[in-house]
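Contents: one structure, followed by commentary.
The values are calculated or read from the model by the stated rules, or taken from the named source; none is laboratory data. Bear in mind the structure is a predicted one, so any value in this text is a computation, not a measurement. Here the Cβ positions follow ideal geometry from the backbone for every residue, glycine too, while neighbour counts run over all protein chains shown.
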Amino acid sequence: MIITPSLLGYLAAATLLTLTPGLDTAMVLRTATVEGRQPAAFAAAGIGLGCLIWGASVSLGLGAMLTAAPAAFTVLKWAGAAYLAYLGARLIIRPRRSMVLAIDPAVRARGGFDALRRGLFTNLLNPKIGVFYVSFLPQFTPPGVAMAPYVFMLACIHVVIGLLWSGGLIGATVPIGRYLARPGVVTVLDRLTGCVFIAFGARLALAKR
């Protein structure tokens, strides 16, 4: 891969955007502190998988539909807002009472799958990711290269940066988990995270193309 000025600019911009706190950061942090290292890694993988799907869609031209078809954007936007509101309300109404350590392999596998699913659907149901990729990635595509594979490569780079950042978050946060094993702390954390998810859902519902 040839390092060009446009690619260097993209690496800097994508890194800054990844480090900016948002819904993905909140989900990874909450999963790491409450559920542990493995579920947090699955949540980060789900977020990355969602970005890859968005990147593939944009490279094939499907993502442009969100900017050209207001109805498609609106439907996906409200679906994403409703999903975030559901996740937030569930955390507020039914918070955990204590840290649950999954010892049974079947329980641990289910926890990983649930975290992967949460990360994936939260990402896929956010049309702002698709619109962001449509408007952002082509700007860093140099003249004379095939648009589709290059745009998908940029999306893959973004996913790698995101996974590295999530790994750092998980590594820094998991040691704190033993201090959060006390019953009241986890309950407060769940409810605070629920409020954050609902706030992001409201922000998404009010978003314009």
**OP:** Please work out which residue is nearest to residue 203 (Cα to Cα), limiting yourself to the range 76-94 and to residues that are touching a residue at least 24 places away in the same chain (Cβ under 8 Å) and charged (D, E, K, R).
**Re:** 77
**OP:** State whether one or more residues within the range 117-132 are more than 20 Å from residue 12 (Cα to Cα), small (Gly, Ala, Ser) and outside any helix (DSSP H, G or I).
**Re:** no
Subject >> Test: residue in the range 27-50 that is buried (at least 16 other Cβ atoms within 10 Å of the Cβ), closer than 22 Å to residue 146 by Cα and out of contact with any Leu (no Cβ under 6 Å at 6 or more places or on another chain) >> reply: no
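Going by what's in this entry, would residue 163 be described as farther than 18 Å from residue 39 by Cα, at pLDDT 70 or above, assigned to a helix (DSSP H, G or I) and not charged (D, E, K, R)?
The answer is no for residue 163.
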Original post:
Restricting attention to the range 53-70, and to residues there that are in a helix (DSSP H, G or I) and either more than 13 Å from residue 137 (Cβ to Cβ) or of a type in the set (S, T, N, Q) (or both), which single residue is modelled with the highest pLDDT?
Top reply: 53
**OP:** May I ask you to list pairs of residues, at least six apart or on different chains, whose Cβ atoms are under 9 Å apart, with the first in the range 36-53 being free of Cβ contacts under 8 Å to residues at least 40 places away in the same chain and the second being not hydroxyl-bearing (Ser, Thr, Tyr)?
**Re:** none
**OP:** Evaluate the following for residue 154: is it closer than 25 Å to residue 26 by Cβ, surrounded by 15 or more Cβ atoms within 10 Å (Cβ to Cβ) and at pLDDT 85 or above?
**Re:** yes
Subject >> Subset of the range 177-195 [more than 13 Å from residue 31 (Cβ to Cβ) and either modelled with pLDDT of 85 or more or not hydroxyl-bearing (Ser, Thr, Tyr) (or both)] >> reply: 178, 181, 182, 183, 184, 185, 188, 191, 192, 194, 195
**OP:** Could you tell me whether any residue of the range 72-89 is of a type in the set (S, T, N, Q), in a helix (DSSP H, G or I) and either within 22 Å of residue 171 (Cβ to Cβ) or modelled with pLDDT under 75 (or both)?
**Re:** no
